[in-house]
Amino acid sequence: MASPSDRQLVDGFGRVHRDLRISVTDRCNFRCTYCMPAEGMPWLPREDLLSYEELTRIARVCVERFGFDGIRLTGGEPTVRAHLPVLIEKLSALGVDIALTTNGATLRLVAHDLAAAGLRRINISIDSLRADRFTEITKRDELARVLDGIDAALEAGLDPVKLNVVVMRGVNDDELVDFARFGRDKGVQVRFIEFMPLDAQQAWTNDQVVTQDEIVARIGEAFPLEAVPESVRGSAPAARWRYLDGGGEIGIIPSVTHAFCDSCDRVRLTAEGELRHCLFATRQLDLRTLLREGATDDQLADAIRAEVGAKWAGHQINQVHFIRPSKSMSQIGG
Ligand code: SAM
Ligand code: SF4
């Protein structure tokens with residue numbers, strides 16, 4: 001007889017997995033310096049990408065067999081894959097919460113269709129509010145379009161709209177307070193992300209990381225903050241602080257200095273169909289081959305259970321035995 005834990009995806013440390021991150025493409029229309037080189041990034045051939053039917057099948061197995069309740073679409077840049085609303089419509093039929101992470105450049109064109117297809121929540125990445133610096137970081141002169149994309153997401157009724165800012169010392173850390181003010185004015189949560197060693201160029205160094213503690217202190221000087229209790233945060237990666245004057249909240253993703261591996265409930269599916277149990281995993285399960293060789297739902301579920309069963313306690317950034325994954329954030333799916 002099946003026990004309740006057979007209906008859940010539990011690893012060797014008792015963590016229950018309910019959140020699927022799907023990378024729909026490794027391609028991107030930006031070239032953020034902290035993610036990929038300006039030129040020469042190799043792209044997957046089309047036939048290696050999972051089709052929308054294949055992606056939906058894996059998502060369905062996760063929802064039906066293991067009770068997953070959230071799916072986030074990411075990439076690369078998910079909006080560069082053709083007919084993204086078609087995928088969202090298919091995934092919406094599974095009855096779970098659907099979210100998207102995007103660079104925002106095409107949202108004026110697609111936000112309405114994404115919302116109509118069933119998208120609820122959106123995170124938009126923006127690393128500078130200064131046009132010249134934005135271009136320097138992304139290698140694209142697109143700040144105005146991204147700002148307009150944020151408005152388009154709000155107008156389409158996506159809720160919540162959150163902004164992702166990767167903070168890098170000497171690059172954009174002098175804009176922390178500007179971003180806080182921007183979020184307060186727009187009524188959106190800004191989430192500051194500690195720079196992680198996942199750039200394709202492998203140029204990351206520890207001294208470029210601006211820590212959670214420093215971010216909170218610097219913003220708090222301008223707009224006093226208090227921590228939102230951890231009990232409210234659950235398994236969400238962002239630690240939260242609220243403004244004492246009621247002006248909203250900021251989030252911080254402190255992957256480097258305060259890893260949240262203990263409460264991790266995520267698995268990731270790359271665009272080519274590899275299941276990875278951690279952003280920093282150095283192993284993966286080849287679900288594409290299983291799918292294309294005709295595996296049944298039971299066989300897919302068994303393989304996923306075995307892979308997640310082998311999940312480690314946590315990544316080891318900053319420790320001597322940390323091994324960088326050979327893939328970048330854009331190839332794994334952020
Ligand atoms: N293209 C979309 C975007 O930029 O939002 C989705 C994919 S991107 C890989 C997902 C998130 O990962 C973005 O918020 C991006 O800023 C973040 N990211 C990429 N490389 C990173 C790194 N080395 N350290 C921290 N965050 C990173
Ligand atoms: Fe593209 Fe997102 Fe990577 Fe920037 S962070 S290069 S927008 S995938």
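The values are calculated or read from the model by the stated rules, or taken from the named source; none is laboratory data. Since the model is a prediction, treat every value here as computed from it, not as a measurement. Here the Cβ is made from the backbone with ideal geometry for all residues, glycine too, and neighbour counts use every protein chain on show. The accessibility values were calculated without ligands, DNA or RNA, using every heavy atom of the protein model including side chains. Shrake-Rupley method; radii C 1.70, N 1.55, O 1.52, S 1.80 Å.
In a simple Cβ point-charge model (Lys, Arg +1; Asp, Glu -1; nothing else charged), the range 225-283 has a dipole of about 180 debye relative to its Cα centre. Between Glu230 and Thr289, the modelled label-to-label distance comes to 4.0 nm, taking each label 7 Å out from Cα in the direction of the beta carbon. Rounded to the nearest 10 degrees, the inclination of helix 212-222 to the longest alpha-carbon principal axis of the chain is 40 degrees. Coupling constants for the range 35-45 follow from the phi torsions by the Karplus curve (6.51 cos²θ - 1.76 cosθ + 1.60, θ = phi - 60°), and in residue order they are 10, 8, x, 5, 9, x, 6, x, 9, 5, x Hz; glycine and proline get x. Computed with the Debye formula from one identical point scatterer per Cα of the range 218-299, without solvent, the log10 of I(q)/I(0) at q = 0.11, 0.19 Å⁻¹ comes to -0.50, -0.89.
Label zone of Glu136 (point 7 Å out along Cα→Cβ, amide N under 15 Å): in the range 159-197 this covers 167-176.
How far is the Cα center of the range 136-209 from the Cα center of the range 1-72, in Å? After rounding, the separation between the Cα centres reads 23 Å. Thr296: net charge of surrounding residues, Cβ under 15 Å, Lys/Arg +1, Asp/Glu -1, itself excluded? Around Thr296, the charge tally is -1. Dipole size of the range 1-69 about its Cα centre, with +1 on Lys/Arg Cβ and -1 on Asp/Glu Cβ: approximately 160 debye, rounded to the nearest 20. Take every Cα pair under 8 Å whose residues are at least 6 apart in sequence, average their separation, divide by the length of the chain, and the relative contact order is 22 percent. Based on the Kirkwood radius over alpha-carbon pairs, what is the Stokes-Einstein translational diffusion coefficient of the chain at 25 °C with 0.890 mPa s viscosity, in µm²/s? Calculated translational D: 120 µm²/s. At a Cβ-Cβ separation cutoff of 4.7 angstrom, cysteine residues of the chain with no neighbouring cysteine are Cys28, Cys62, Cys261, Cys264, Cys278. A cut-off of 5 Å between modelled amide H atoms, ignoring neighbours fewer than 5 places along the same chain, links Arg72 with Leu20, Arg21, Ile22, Ala99. Can you give me the angle between helix 176-186 and the longest principal axis of the chain, using Cα atoms only, in degrees from 0 to 90, rounded to the nearest 10? In the chain, helix 176-186 runs at an angle near 80 degrees to the longest axis. Kirkwood analysis of the Cα pair distances in the range 1-106 returns a hydrodynamic radius of 15.4 Å.
Take the Cα of Arg46, step 7 Å toward its Cβ, do the same at Asp151, and the gap between the two points is 3.6 nm. Counting charges near Ile71 (Lys, Arg +1; Asp, Glu -1) among other residues having Cβ under 14 Å from its Cβ returns a value of +4. Computed from Cα atoms, the angle from the helix 52-66 axis to the main principal axis of the chain rounds to 80 degrees.
Check cross-link reach from Lys311 to the aspartates and glutamates: straight Cα distance under 12 Å, and skip same-chain residues fewer than eight apart. Within the straight-line limit of under 12 Å, Lys311 reaches these aspartates and glutamates: Asp11, Asp262, Asp265.
Tally Lys/Arg at +1 and Asp/Glu at -1 over every other residue whose Cβ is under 11 Å from the Cβ of Val165; what's the total?
Charge balance in the 11 Å sphere: -3.
Calculated over the range 127-213, the projected area of the Cα convex hull averaged across directions stands at 6.3 nm². Carbon and sulfur atoms: what percent of the 1.4 Å accessible area of the chain do they account for? About 50 percent, which is the carbon plus sulfur part of the accessible surface. Accessible surface ranking for Asp185, Asp265, 1.4 angstrom probe, highest first: Asp185, Asp265.
On full extension of the chain, what length is gained from Gln202 through Asp302, given 0.36 nm per residue of separation minus the C-alpha to C-alpha distance?
Values: separation 100, 0.36 × 100 = 36.00 nm, distance 3.48 nm.
Fully extending the segment from Gln202 to Asp302 adds 32.5 nm.
Expressed to the nearest 5 percent, the antiparallel share of DSSP beta bridges inside the range 108-206 is 0 percent. Its Cα centre serving as origin, the chain has a Cβ charge dipole (Lys and Arg +1, Asp and Glu -1) of approximately 340 debye.
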